[in-house]
Number of protein chains: 4
Amino acid sequence: ESANEFQSQRDSLSLKLQNSESRNRTLEAHLGELEQRLESSQQEREAFRKSLRSLLELLDGKIFELTELRDTLAKLLEGS
Amino acid sequence: ESANEFQSQRDSLSLKLQNSESRNRTLEAHLGELEQRLESSQQEREAFRKSLRSLLELLDGKIFELTELRDTLAKLLEGS
Amino acid sequence: ESANEFQSQRDSLSLKLQNSESRNRTLEAHLGELEQRLESSQQEREAFRKSLRSLLELLDGKIFELTELRDTLAKLLEGS
Amino acid sequence: ESANEFQSQRDSLSLKLQNSESRNRTLEAHLGELEQRLESSQQEREAFRKSLRSLLELLDGKIFELTELRDTLAKLLEGS
C-alpha cells in the first residue's frame, strides 16, 4: 500500500478512537450516576425499614398493653 | 513521514480502538445490568408499599373497631 | 285484782297489740320492697356483667387481629 | 263480763303481744341485714364502676397511641 493510504487509514482510526473514548466517558458518567442512585436508594430503603422496625416494636408494646388491660377486665369480672 | 511510520501508527491505533470498543461493550453490559436492578428494586419497593398501604387500612379498621368497643363500654357505664 | 283492773289491762294490751301488728305489717312491706330491690339489683348486675363478658370477647378478637397485623408487618420486613 | 273472763282475755292478749313483738324484732333484724347487704352491694358496684372507668381511660390512651402509630406509618408511606 502507499504511504497515502496508510495515512488515510490512520486518520480514520484516530477519529473512530476519539468517538469511542468519548462514548466511554459518557457511559462511565452514566454508570457512576446509576451506582449513586442505587446506593442512595439502598440507604433510603434501610432507613425506611429501620423506621418500620421501630413501628413494629411500638405496635408490640401497644398489643402487650391492650392484653394487660384485657386481663384486668377479666379479673374484675371474675373477682366480683 | 515514511509509509512505515504511517503503517505503524495505523496498527497502534487499531489496537487502541479494539480495546476501547471492548471496554464500551463491558460498560454497556454493566449499565444494562444496573438499570435492570434499579427497575426491579423499584418494583419491589412498589409492591412493598402496596402491602403497607393494605396494612394501614387494616390498622384503621382495627382502631375504628376498638373505638366502637370503647363507646359500648362508656355507654354501659353511663346507662346503669 | 278487781274486774275493772283486768278490763283496763285487757284494753291497754289490745291497743298495744294493734300497734305492734300494724308495725309488723309496715316492716313486712318494707322487707318485701327491699327484697325486690336486691333481686332487681342482682339482675341488673348480671346483665351488666354479661355485657362486659361480650365486650371482653370482642376485645380478645381485636387483640388477636392486631397480632395478625403485627405478624404480617414482621413478615414483610423479614421477607424483603 | 266476769273478772275471770277479763283476766283470761288479758292473759291471751299478753301472749299474742309477746309473739307479735318477737316477730317485730325478727323482722327488724332481717331488715337491718338486708339494708347492710344493699349498702355493701352498692359500694361494691361503685368500686367496680370506678375500676371500669379507669379501664376506659386506659383504653382511650391505647387507642390514641395506636392512632399516633397509624399516623406515623401513613407519613412514612407518603414521605418516601
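Tabulated data for the structure shown
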quantity	calculated
R0 of 45 Å, Cβ-Cβ distance residue D:31-residue C:60: FRET efficiency to nearest 0.05	0.55
Convex hull volume per residue in cubic angstrom - Cα atoms of the protein assembly as shown	118
Centroid-to-centroid separation of region A:46-69 and region B:55-80 [C-alpha atoms, Å]	20
In degrees, nearest ten, helix A:3-79 long axis to first principal axis of chain A (Cα)	0
Label distances, nm, residue B:18 versus same residue in remaining copies, Cβ-directed 7 Å point	2.4, 14.2, 14.3
Per-residue average of Cβ from other chains inside 10 Å of B:39-47	2
Rough spin-label spacing in nm, given labels placed 7 Å along Cα→Cβ, for residue B:11 and residue B:23	2.3
Cubic angstrom per residue, convex hull over Cα atoms of chain D	69
Nm distances between copies for residue A:29, ranked from closest, using label points 7 Å along Cα→Cβ	2.5, 10.8, 10.9
Test item: D:14-24 mean partner chain Cβ contacts at 10 Å	5
GluC sites (Glu not before Pro) restricted to DSSP loop in chain D with at most 16 other C-beta within 10 Å	D:1
With 10 Å bins from 0: P(r) over region C:40-80, alpha-carbon pairs, percent	27, 25, 19, 15, 9, 3, 0
Axis-nearest residue in chain D [Cβ, rotation onto A], distance in whole Å	D:62, 3
Reach of residue B:75 by Cα under 27 Å, taken over lysines that are not fewer than 8 positions away in the same chain	A:62, A:75, B:62, C:50, C:62, D:50, D:62
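Where a number appears in this text, it was derived from the coordinates with a stated rule and is not lab data. Every value quoted in this text rests on a predicted model; they were computed, and no experiment measured them. No Cβ is skipped: glycine too gets one built from the backbone with ideal geometry, and neighbour counts run over all protein chains shown.
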